Amino acid sequence: MHKEEKKLRKRGYQLIAGVDEAGRGPLAGPVVAAAVILPERYRNKDIQDSKKLSELKREQLFIEIKNTALSYGVGVVGWKQIDEMGILEAAKLAMRQAVLKLNPAPDFVLSDAVPLSITGIPQKAVIGGDGSVFCVAAASILAKVSRDRLMQKYHQKYPHYGFDQHKGYGTEIHLTAIKKHGPCPIHRMSFTPLRIDGGAASREAIVG
């Protein structure tokens, strides 16, 4: 998990940031990214791809990572921008936002799969980085927990959809709720099944 960071430190880089996003697949809510710079000697065997951890473990590690980090940042891009620019570009934007919030700023960025274009900061995209690069795995935990907490808040505002359970993903419970109640303001209208015949569906069209 520390191989990439070790190679970079041998090349003279010290402030190495990991960055990852959460929420590319859901039908509702924002895409959230996190970036984190960890101390060189920090180790924790529990830190891995957030998808492989229980909710309780993610919450515990979320607190520890934030308290241990030299710097961390979170970027959020909402559903309207997702519909306008597409989910990939929205995810990249959230990741760039997160990196640019780091203070101190990184001298190198490692990202999970997605190449970023940030002027003045060298960067490498690592396929499967959230499961193989320590700082990227830590970022995946920060991003996932940050997004889940946002979706818990949206559940309070739109309780009919069960956002506290599925966090906006296209589960059977969620799809049934959309069919019954129509989309709410945080739904991504460019996503199937909310999108019909190449355009955003209306509430009436979905409810039928």
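Filter region 88-123 for residues that are acidic (Asp, Glu) and buried (at least 16 other Cβ atoms within 10 Å of the Cβ) and give the result.
Scanning region 88-123 gives ASP107, ASP112.
Can you tell me which residue within region 134-182, out of those that are part of a loop (DSSP other than H, G, I, E, B) and out of contact with any His (no Cβ under 8 Å at 6 or more places or on another chain), is farthest from ALA91 (Cα to Cα)?
GLY182
Which of the residues belonging to region 14-45 are exposed (fewer than 15 other Cβ atoms within 10 Å of the Cβ) and either hydroxyl-bearing (Ser, Thr, Tyr) or closer than 12 Å to ALA143 by Cα (or both)?
Within region 14-45, ARG24 is the sole residue that qualifies.
Return the pair list, or none, for Cβ contacts closer than 6 Å from residues in region 174-189 that are assigned by TED's automatic domain parsing to the domain that holds PRO26 to residues that are modelled with pLDDT of 95 or more and not in a loop (DSSP other than H, G, I, E, B), at least 6 apart or on different chains.
Close Cβ pairs satisfying both conditions: none exist.
What's the total number of residues in region 130-163 that are closer than 12 Å to VAL19 by Cα and either among the acidic types (Asp, Glu) or at pLDDT below 95 (or both)?
Selection size over region 130-163: 1.
Taking region 46-68 on its own, how many of its residues are assigned to a helix (DSSP H, G or I), aliphatic (A, V, I, L, M) and surrounded by 15 or more Cβ atoms within 10 Å (Cβ to Cβ)?
Going through region 46-68 one residue at a time, the tally reaches 2.
Residue check: is VAL76 surrounded by fewer than 24 Cβ atoms within 10 Å (Cβ to Cβ) and part of a strand (DSSP E or B)?
yes
The values are calculated or read from the model by the stated rules, or taken from the named source; none is laboratory data. Predicted model, so just to flag it, every value in this text is computed and none were measured. Note: ideal-geometry Cβ built from the backbone for every residue, glycine included; neighbour counts use all protein chains shown.
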